Amino acid sequence: PSTALDNLFTALTTGGNVTGGPTGGYLQQSYNWMDENKVVADTWGLELISYEGGQHLVDEEHRDSTTAVTDLYIEANHDTRMGDIYYDYFEYWKGAGGHSFTHFTDTGFDSKYGMWGLLESVMDTTSPKYDNYQAFLDDNTCWWAGCIMVIDGADTTAPTITDVSSSAANGSYNAGDI
């Protein structure tokens with residue numbers, strides 16, 4: 001039997017179950033936007049970088065109250081499938097020619113205003129989003145020319161990583177602090 005959570009992940013990953021939803025799902029829509037923005041960046045000789053990236057599941061229509069939709073979105077952000085989506089998203093970003101990716105925030109508690117953090121608290125050490133974000137970084141060292149990855153801190157299991165784009169050479173930094 002299908003659940004609301006399963007239906008949400010179907011809408012995100014393959015689509016076809018939301019009237020008027022994007023063909024191929026909402027993740028595919030994001031991939032299409034990446035591709036379109038890469039064309040614009042290339043046209044102007046710019047790098048494709050992100051700012052305030054990450055999932056955007058928010059019940060905008062009912063934001064003034066806590067709803068079942070918000071509860072569903074919170075549940076989705078704690079599901080391992082969200083972690084899988086994060087990894088796949090970053091793989092696509094890399095393949096599309098994306099360079100520095102700045103996630104919106106490291107930590108933030110889940111609420112009706114969004115589930116923005118990779119972790120909910122600085123005391124947390126794991127979550128599906130965080131774990132797969134870190135796995136992607138572990139599996140993918142700098143992949144573009146001029147990229148520099150600096151790892152700080154003694155705890156190498158949870159490093160602080162700063163990706164600095166090649167534009168740093170001219171004094172302009174596009175950095176994503178993780």
Filtered hits (lysines, Cα-Cα < 30 Å from Lys38, offset >= 8 within chain) -> Lys94, Lys129
Taking the alpha-carbon centre of each part, the distance from the stretch 83-136 to the stretch 24-82 in Å is 11
Computed over the stretch 1-133, protein heavy atoms only, probe 1.4 angstrom, the accessible area per residue in square angstrom equals 56
Sparse-neighbourhood loop hits (chymotrypsin sites (Phe, Trp or Tyr not before Pro), the stretch 1-99; DSSP loop; Cβ within 10 Å at most 15 others) -> Trp44, Tyr51
Taking a crude spin-label model, label points 7 Å out from Cα along the C-beta direction, the Thr23 to His78 distance in nm is 3.8
A 1.4 Å probe over the protein heavy atoms gives the stretch 60-158 a carbon and sulfur accessible-area percentage of 54
Checked the stretch 14-91 with the C-alpha gyration tensor, a ≥ b ≥ c its square-rooted eigenvalues, rounded below a/c of 1.5, otherwise prolate if a/b is larger than b/c and oblate if not; verdict prolate
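The values are calculated or read from the model by the stated rules, or taken from the named source; none is laboratory data. If you're wondering where the values come from, they're calculated on a predicted model, not measured in any experiment. Don't worry about glycine lacking a Cβ; one is built from the backbone with ideal geometry, like all the others, and counts go over all protein chains shown. With ligands, DNA and RNA removed, areas are computed over all heavy atoms of the protein, side chains included. Shrake-Rupley method; radii C 1.70, N 1.55, O 1.52, S 1.80 Å.
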